[in-house]
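A short worksheet on the structure shown next.
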Amino acid sequence: MSEKKPKSIFIQGPISGVFVGESIAKHQSKTDIGAHALFLGQVRADVRDGQRVSHIDYSAYEDMALQKVHDIREAAFGQYPLTCMHIYHSLGTVGAGEISLFVFVSSPHRDAAFTALRQIVDQIKSDVPIWGKEVFVDGDATWKVNR
Amino acid sequence: MNIVSEKEIHLLAFGMIAEVLNSQERTWPWAMDTDALRADLIHIFPELKDMPFVIAVDMEVNHMNQPIPPGATVALLPPYSGG
């Protein structure tokens, strides 16, 4: 059994396009991969009661979140022929239009990559203790509700 | 993290629950199980009665009532909204 602490998934603030691009480039040496599937979650400027969302402040129960993500990873590796998997989530402030979630799954063929990606993103939303507080342009705030 | 005695638990709160408790982390009198703890919390913070949250004991969430060992880390978790 691995008792070591799972690797962190958290990035302070938004996940940059450069970071995503560099993550893709790092896989050029892994030539058994035939398919990458990526999910990028972006903060929407939703309008509610005439107020537009300016940014989301993310917080998490970090120790439990890392344990849950570890479980999600292990389950997906057990179910699908995946070569590698990378998961990142923002903490702190992420502005509308910026990226807060990056899931990157690689496999020899596309079916496993697509299917695993969908499952992992759904499980991150339902099982990982992370919370988003939507802050409106006028400074009011409301706790985000996932659909 | 504070040292908790055998008659206390280490209580964590997140999201809207942390706002009601006005803290993310505190020591709290030990309760024998999660139903008893929920009742104690609602007695002190009546707003919690109408707020959805689950209770994790040492990072394990069980939707049934579960025992709380003295000294445990207990977390109050409103519905998740990551992503």
What number of residues in the stretch A:1-23 are part of a helix (DSSP H, G or I) and under 15 Å from A:ILE87 (Cβ atoms)? 3
In the stretch A:28-60, what residues are out of contact with any strand residue (DSSP E or B) (no Cβ under 6 Å at 6 or more places or on another chain) and within 20 Å of A:PHE114 (Cα to Cα)? A:GLN28, A:LYS30, A:THR31, A:ASP32, A:GLY34
Subset of the stretch A:97-147 that is aromatic (Phe, Trp, Tyr) and part of a strand (DSSP E or B) - its residue that is surrounded by the most Cβ atoms within 10 Å (Cβ to Cβ): A:TRP131
Only one of A:GLY17, A:GLY13 that is more than 14 Å from chain B (Cβ to nearest Cβ), under 23 Å from A:GLY97 (Cα atoms), open to solvent by less than 30 Å² (accessible area, probe 1.4 Å) and touching a strand residue (DSSP E or B) at 6+ places or on another chain (Cβ under 9 Å): A:GLY13
Name the residues in the stretch A:68-84 that are more than 13 Å from chain B (Cβ to nearest Cβ) and either among the acidic types (Asp, Glu) or within 15 Å of A:ASP122 (Cα to Cα) (or both), would you? A:ARG73, A:GLU74, A:ALA75, A:ALA76
Has the stretch B:54-63 got any residue that is more than 14 Å from every other protein chain (Cβ to nearest Cβ), under 13 Å from the mean Cα position of the chain (by Cα) and among the β-branched types (Val, Ile, Thr)? no
Would you mention how many residues in the stretch A:40-56 are within 11 Å of chain B (Cβ to nearest Cβ) and buried (at least 17 other Cβ atoms within 10 Å of the Cβ)? 3
Residues that are surrounded by fewer than 17 Cβ atoms within 10 Å (Cβ to Cβ), at least 1 per element: which strands (runs of 3 or more DSSP E) completely within the stretch B:1-65 meet that? B:25-29, B:54-57
Residue count for the stretch A:57-67, restricted to those that are facing chain B (nearest Cβ under 9 Å) and either open to solvent by 30 Å² or more (accessible area, probe 1.4 Å) or not in a helix (DSSP H, G or I) (or both): 6
Which members of the stretch A:113-147 meet the condition of being touching a residue at least 60 places away in the same chain (Cβ under 8 Å) and over 22 Å from A:ARG44 (Cα atoms)? A:ALA113, A:PHE114, A:ALA116
Can you work out which of the residues in the stretch A:97-147 that are of a type in the set (Asp, Glu) and more than 22 Å from A:ILE11 (Cβ to Cβ) is nearest to the other protein chains (Cβ to nearest Cβ)? A:ASP140
Quick check, is A:GLY92 in contact with a Gly (Cβ under 6 Å, 6 or more places away or on another chain), open to solvent by 10 Å² or more (accessible area, probe 1.4 Å) and either modelled with pLDDT of 95 or more or among the charged types (D, E, K, R) (or both)? yes
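The values are calculated or read from the model by the stated rules, or taken from the named source; none is laboratory data. Treat the numbers as computed from the prediction; the structure is a model and nothing was measured. Cβ sites come from the backbone with ideal geometry, for glycine too, and all protein chains shown count toward neighbours. These accessible areas exclude ligands, DNA and RNA; they are computed on the full protein's heavy atoms, side chains included. Shrake-Rupley method; radii C 1.70, N 1.55, O 1.52, S 1.80 Å.
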